[in-house]
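Since the structure comes first, as structure tokens, the remarks are kept for the end.
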Amino acid sequence: MQRTIVILGSTGSIGENAIWVARALNDELTISGVAAGRRWKRVAEQVQEFGCRRAAIAEPSLHARLKQAVPSDCEVTSDHDGLIAMVTAPEVDMVLCAITGTAGLLPVLAAIRAGKDIALASKEVLVMAGELVMGEARRCGSRILPVDSEHSAIFQCLEGHAPDTISRLILTASGGPFRTLSQD
């Protein structure tokens, strides 16, 4: 069965890895939309390679450049409504959210409310609105699948265990902004 995905943050490291996976699984995975912040040339390459029906660029001043660089049947947007239309399109099965910061929250909520599964790499979405996002996912029957290394590892460790059998989780600060600080 072929699944159709949208990649939010398609030019970042997680997005590029998703592109690599889609190439390897081209019989099983179709990319219908890609979105990025400023790298319009890379977005255009992705649209060309995968025949995406939709593309988004967060920087409005780059909209015209991207529109000229993709086929005329590809919808190009740089606004919120276009991004929401991309993630809620009827053919979309899953949305990979790899947008940094808070920008992923509204598209994720819209996708959940449209019954899409979410592959979530942006921890910020859950940090700022975890109760809301998870509640909507339960209500709408959407699955939230952790993609980034730390929360994916926790997810995999907990898979198959009843919640009441876990007494505590210990997370270390081995990377990120704390990696160059002393223990003091």
How about segment 91-129: which of its residues are assigned to a loop (DSSP other than H, G, I, E, B) and over 10 Å from the mean Cα position of the chain (by Cα)? E91, V92, D93, G101, T102, A103, A114, G115, K116
May I ask you to list pairs of residues, at least six apart or on different chains, whose Cβ atoms are under 6 Å apart, with the first in segment 21-43 being under 27 Å from A64 (Cβ atoms) and the second being among the aromatic types (F, W, Y)? I31/F50
Which residues, counting only those in segment 19-42, are open to solvent by less than 20 Å² (accessible area, probe 1.4 Å) and either under 22 Å from M1 (Cα atoms) or in contact with a Cys (Cβ under 9 Å, 6 or more places away or on another chain) (or both)? I19, A22, I31, S32, G33, V34
Filter pass, Q48 being under 18 Å from W20 (Cβ atoms), surrounded by fewer than 18 Cβ atoms within 10 Å (Cβ to Cβ) and out of contact with any Asp or Glu (no Cβ under 8 Å at 6 or more places or on another chain): yes
Which listed residue is out of contact with any helix residue (DSSP H, G or I) (no Cβ under 7 Å at 6 or more places or on another chain), closer than 25 Å to A114 by Cβ and of a type in the set (S, T, N, Q), from T77, T11, T30: T30
All conditions in (1) among the aliphatic types (A, V, I, L, M); (2) within 23 Å of S142 (Cα to Cα); (3) touching a strand residue (DSSP E or B) at 6+ places or on another chain (Cβ under 6 Å) are true of L66 except (2)
Just need a number here: residues in segment 110-152 that are open to solvent by 50 Å² or more (accessible area, probe 1.4 Å), of a type outside the set (S, T, Y) and modelled with pLDDT under 80. 1
Quick one: G101 ticks every box in (1) of a type in the set (G, A, S); (2) under 24 Å from G130 (Cβ atoms); (3) open to solvent by less than 40 Å² (accessible area, probe 1.4 Å); (4) in contact (Cβ under 8 Å) with a residue 40 or more places away in the chain bar one, so which box is it? (4)
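The values are calculated or read from the model by the stated rules, or taken from the named source; none is laboratory data. The structure presented is a predicted model; accordingly, all values stated were derived computationally and were not measured. No Cβ is skipped: glycine too gets one built from the backbone with ideal geometry, and neighbour counts run over all protein chains shown. These accessible areas exclude ligands, DNA and RNA; they are computed on the full protein's heavy atoms, side chains included. Shrake-Rupley method; radii C 1.70, N 1.55, O 1.52, S 1.80 Å.
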